Every structure is written in C-alpha cells, then in structure tokens.
Amino acid sequence: MAIVTVTRRMRFNAAHRVHNPALSDEENVRIFGKCNNPNGHGHNYALEVAVRGPVDERTGYVIDLGLLRDVVEREVIEKTDHRNFNIDVDYMRGINPTTENIVVEMWRVLAPVVQPGQLIRLRLWETENNYVEYEGE
Ligand code: NI
C-alpha cells in the first residue's frame with residue numbers, strides 16, 4: 001500500500017512578546033531586541049500540517065483534508081487567531097512564544113488528534129522569509 005504525505009496550510013494572525021522572565025530586562029533586550037518590545041507586536045503566521053499514512057483503498061485518501069482542516073481549526077487556530085500568545089493562548093501558558101516554542105506546543109496539541117494519519121511535520125511561518133519545522137523529536 002502506498003504511503004503518502006498530505007499537507008494542509010492554515011493562516012492566522014497573532015501577537016507576541018518574546019521574553020524570558022528568568023533573565024534580566026537588560027538580557028532580554030540584548031537577546032531579543034525589538035521582539036522584546038513590552039507591548040508586543042504581531043505576525044501573519046501560516047501553519048503547514050503534514051500527515052502521513054497509507055492511502056485508503058475505498059476513499060483514495062490518507063485523511064480527508066476537510067476533516068484535517070476542521071481539527072486544526074478547532075484545536076489550534078480558533079485558540080490562537082487574533083490573540084496574544086503571552087496572554088490568551090492556553091497551550092502556551094508560561095512558555096516564551098518564540099516560533100520554535102510555538103511549533104513544539106502546537107505539535108503536542110495536534111499529534112493525538114490527526115488520526116487516521118500520523119503527524120510527521122509542522123512548518124510554522126512567522127514571516128515570508130522565516131519558518132521553523134518540527135518533526136516531533
Ligand atoms: Ni515576533
């Protein structure tokens with residue numbers, strides 16, 4: 001049976017302040033620069049969710065991409081879109097919202113809920129030029 005990877009791209013907008021409370025204010029400014037602005041700043045993010053699995057003989061699908069869209073919408077996008085990662089987003093509570101940390105926490109949310117496929121990669125675009133990838137390690 002053929003094993004295929006399917007990917008759904010979802011967009012959302014959110015604000016964050018990159019800040020590590022374990023460091024001094026001076027260190028935060030030195031490390032994070034403008035991203036440490038006390039009142040935060042926003043990004044137009046895009047999240048690509050890649051799911052891998054056998055192609056079902058009856059449907060010809062790995063997973064119905066409409067179902068994948070719905071589950072990502074419900075579990076991640078609705079909790080995140082037009083919100084502030086530092087304040088509003090339950091799965092980021094207490095975590096410095098760098099793109100790296102966000103993608104890892106999104107993985108924890110999504111990995112259990114994308115059956116019958118298997119989550120194999122998340123790619124989170126923070127800007128047109130920067131993205132991070134996580135494969136669950
Ligand atoms: Ni930023």
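The values are calculated or read from the model by the stated rules, or taken from the named source; none is laboratory data. As the structure is a computational prediction, the values presented were derived from the model and not from experiment. Glycine also receives a Cβ, built like all others from the backbone with ideal geometry; neighbour counts cover every protein chain displayed. In case anyone asks, the SASA skips ligands and DNA or RNA and just uses the protein heavy atoms, side chains included. Shrake-Rupley method; radii C 1.70, N 1.55, O 1.52, S 1.80 Å.
If only residues of the range 38-53 that are loosely packed, with under 13 Cβ neighbours inside 10 Å and in a strand (DSSP E or B) are counted, the one that is nearest to the ligand (Cβ to nearest atom) is HIS41.
Considering only the range 1-42, state which residues are of a type outside the set (A, V, I, L, M) and within 29 Å of VAL114 (Cα to Cα).
THR5, THR7, ARG8, ARG9, ARG11, PHE12, ASN13, HIS16, GLY42
Looking across the range 111-133 at every residue that is touching a helix residue (DSSP H, G or I) at 6+ places or on another chain (Cβ under 6 Å) and β-branched (Val, Ile, Thr), the one that is farthest from the ligand (Cβ to nearest atom) is identified as VAL113. The set of residues in the range 1-26 that are open to solvent by less than 70 Å² (accessible area, probe 1.4 Å) and farther than 22 Å from ARG123 by Cβ comprises ALA2, ARG17, HIS19, ASN20, LEU23, SER24. When restricted to residues that are within 14 Å of the ligand (Cβ to nearest atom) and not β-branched (Val, Ile, Thr), the range 21-37 contains 7. Does the range 97-110 include one or more residues that are outside any strand (DSSP E or B), open to solvent by 40 Å² or more (accessible area, probe 1.4 Å), within 29 Å of ALA22 (Cα to Cα) and within 16 Å of the ligand (Cβ to nearest atom)? Within the range 97-110, one or more residues are outside any strand (DSSP E or B), open to solvent by 40 Å² or more (accessible area, probe 1.4 Å), within 29 Å of ALA22 (Cα to Cα) and within 16 Å of the ligand (Cβ to nearest atom).
Among what's in the range 77-96 and is part of a helix (DSSP H, G or I) and touching a residue at least 40 places away in the same chain (Cβ under 8 Å), pick the residue that is farthest from HIS41 (Cα to Cα).
Within the range 77-96, the match that is farthest from HIS41 (Cα to Cα) is ILE77.
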